[in-house]
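Have a look at the structure below, then the notes.
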Amino acid sequence: MHLTSLTISDFRNIHQATITPASIGTTVVTGRNGTGKTSVLEAIGYLATLQSFRGSPREAMVRTSSEHAILRARTEVGARSIDIEAEISAAGRSRTMVNRQAVRRRADLHDALRTTIFSPEDIGVVRAGPSERRRFLDEALAVTDARAAAQVDEVEKVLRQRSALLRRAGGRISPDLATTLDVWDERLASSGTALVEAREALTAGLVPVVAEHYARLAATDIVVGMSYRRSWSGPLLQALAASRQDDAVRGVTLVGPHRDELELTLGGLPGRTHASQGEQRSLALAIRLAAHQLATDRLGSAPVLLLDDVFSELDPFRSRALLAGLPPGQSLLTTAQPPPPEIEAVAVYTVEPAGVVTGGRPVQVDQ
């Protein structure tokens with residue numbers, strides 16, 4: 001799978017741009033800070049996930065004074081060409097199509113485009129709160145398992161509905177409300193349990209790969225630990241029933257996959273609070289590398305790799321170690337500085353201050 005063309009219209013500060021990345025090798029997107037380099041990668045990520053990897057709402061992705069942003073991409077998957085088109089609305093409903101068929105959920109994009117993103121903010125997977133680690137697991141699952149991606153969407157939908165009911169309860173659960181909650185609890189128990197089991201299996205698969213990459217990135221054999229901790233015990237349906245009254249008082253769902261934690265340790269100590277910044281960055285990179293490698297191994301080919309200014313935060317040793325751990329495939333790199341000498345740019349595009357993207361067609365590399 002690789003991206004053969006990308007057209008951007010009125011996305012962020014980019015008015016109009018067309019990029020044709022090389023099928024293998026690194027396409028470099030350069031320009032001064034603030035010109036919109038990251039927006040190019042964000043557009044690709046949106047077409048793969050229907051989300052911004054920056055965590056931005058959709059209206060923030062539409063260029064100021066425009067009503068819609070339009071993204072178009074063509075990918076090649078084996079012998080097939082696939083067209084993806086997204087219209088992002090600043091106020092109304094957004095839509096996405098694959099080969100002119102409406103996309104209703106993220107899982108529908110699984111066979112059209114898969115991506116892995118590296119960015120300086122990856123350190124948040126180690127340093128930030130549990131939500132960042134849960135998001136990492138769900139993003140990694142979405143790349144490798146379309147069914148798990150569907151479970152993520154279902155859990156989010158059910159939680160929104162259940163939370164709305166709880167807020168209306170005002171701390172009191174009437175018989176009618178209890179009956180409605182029973183329905184949502186059964187759905188949350190089913191989809192939530194399936195999602196958590198997928199997260200746990202992914203964590204188990206990541207552990208040895210993360211340890212291998214960390215040892216190379218940090219040049220040390222310190223023990224790396226990863227363990228998934230549920231926010232409840234026993235069947236989830238029973239846990240929801242036991243927590244229902246407290247949920248009604250608080251107006252939120254207190255147990256479930258949205259409250260779980262992925263615990264990360266170095267040498268038996270919590271990475272979030274006891275590791276140095278260098279150790280945290282190495283661990284975050286190792287986790288991203290492991291997810292990319294696991295996806296490559298399971299899918300038979302590497303996802304499109306998006307490297308967002310990642311080398312600006314790395315010393316030469318870690319830069320070389322990161323590059324050495326990447327499987328061959330298609331990558332797009334943004335940078336305001338010359339990339340590491342180990343990277344040979346197959347194509348170079350420049351984002352100008354006015355949001356205009358310039359550059360020639362890349363040299364095609366024989367596969």
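So, of the residues in the range 318-348 that are in a strand (DSSP E or B) and under 24 Å from the mean Cα position of the chain (by Cα), which turns out to be farthest from ALA22 (Cα to Cα)?
Taking the range 318-348 first, the residues in a strand (DSSP E or B) are 330-335, 345-348.
Remaining after also requiring under 24 Å from the mean Cα position of the chain (by Cα): 330-335.
Numbers: GLN330: 7, SER331: 9, LEU332: 9, LEU333: 12, THR334: 15, THR335: 17 Å.
Here the answer is THR335.
Flag not set for ILE82, criterion: under 18 Å from the mean Cα position of the chain (by Cα) and buried (at least 17 other Cβ atoms within 10 Å of the Cβ). Return yes when GLY359 is farther than 21 Å from PHE136 by Cβ and of a type outside the set (S, T, N, Q) and no when it is not. Answer is yes for this residue. The residues on offer are PRO362, PRO353, and the sole one that is surrounded by 20 or more Cβ atoms within 10 Å (Cβ to Cβ), at pLDDT below 85 and part of a loop (DSSP other than H, G, I, E, B) is PRO362.
With the structure loaded, tell me whether PRO130 is closer than 23 Å to ARG288 by Cβ, modelled with pLDDT under 95 and surrounded by fewer than 17 Cβ atoms within 10 Å (Cβ to Cβ) or whether it fails that test. No, not satisfied. Here THR265 fulfils each of the conditions (1) assigned by TED's automatic domain parsing to the domain that holds SER5; (2) in contact with a strand residue (DSSP E or B) (Cβ under 9 Å, 6 or more places away or on another chain) apart from (1).
Scanning the range 97-118 for residues that are buried (at least 22 other Cβ atoms within 10 Å of the Cβ) and in contact with an Asp or Glu (Cβ under 9 Å, 6 or more places away or on another chain) gives THR116, ILE117, PHE118.
Look at (1) touching a helix residue (DSSP H, G or I) at 6+ places or on another chain (Cβ under 8 Å); (2) not assigned by TED's automatic domain parsing to the domain that holds ALA291 and you find that GLU132 fails only one, number (2).
Can you name every residue in the range 248-257 that is at pLDDT 95 or above and crowded, with 20+ Cβ neighbours inside 10 Å? Matches in the range 248-257: THR253, VAL255, GLY256, PRO257.
Can you work out which of the residues in the range 23-65 that are at positive phi and surrounded by fewer than 18 Cβ atoms within 10 Å (Cβ to Cβ) is nearest to the chain's Cα centre (by Cα)?
At the first step, the residues of the range 23-65 found to be at positive phi are 25, 31, 34, 36, 50, 55, 65.
Those left that are additionally surrounded by fewer than 18 Cβ atoms within 10 Å (Cβ to Cβ): 34, 55, 65.
Details: GLY34: 22, GLY55: 10, SER65: 28 Å.
For the range 23-65, the residue satisfying everything is GLY55.
Does SER81 qualify as being of a type in the set (Gly, Ala, Ser) and modelled with pLDDT of 90 or more? In short, yes. The numbered conditions (1) buried (at least 22 other Cβ atoms within 10 Å of the Cβ); (2) in contact (Cβ under 8 Å) with a residue 60 or more places away in the chain are all true for THR18 except (1).
Restricting the range 303-344 to residues that are among the charged types (D, E, K, R) and under 28 Å from THR144 (Cβ atoms) leaves a set whose member that is surrounded by the most Cβ atoms within 10 Å (Cβ to Cβ) is ASP308.
Determine, yes or no, whether LEU283 is more than 24 Å from the chain's Cα centre (by Cα) and either among the acidic types (Asp, Glu) or buried (at least 17 other Cβ atoms within 10 Å of the Cβ) (or both). Steps first, please.
Numbers: more than 24 Å from the chain's Cα centre (by Cα): no; either among the acidic types (Asp, Glu) or buried (at least 17 other Cβ atoms within 10 Å of the Cβ) (or both): yes.
Taking the combined requirement at face value, the residue does not satisfy it.
Of the residues ILE222, ILE173, which is more than 22 Å from the chain's Cα centre (by Cα), of a type in the set (A, V, I, L, M, F, W, C), at pLDDT below 95 and closer than 30 Å to GLN293 by Cβ? Steps first, answer last, please.
Working: ILE173 fails: closer than 30 Å to GLN293 by Cβ.
Answer to the selection: ILE222.
The values are calculated or read from the model by the stated rules, or taken from the named source; none is laboratory data. Because the structure is predicted, anything quoted here is derived from the model rather than measured. Ideal geometry is used to build each Cβ from the backbone, glycine not excepted, and the neighbour counts take in all protein chains shown.
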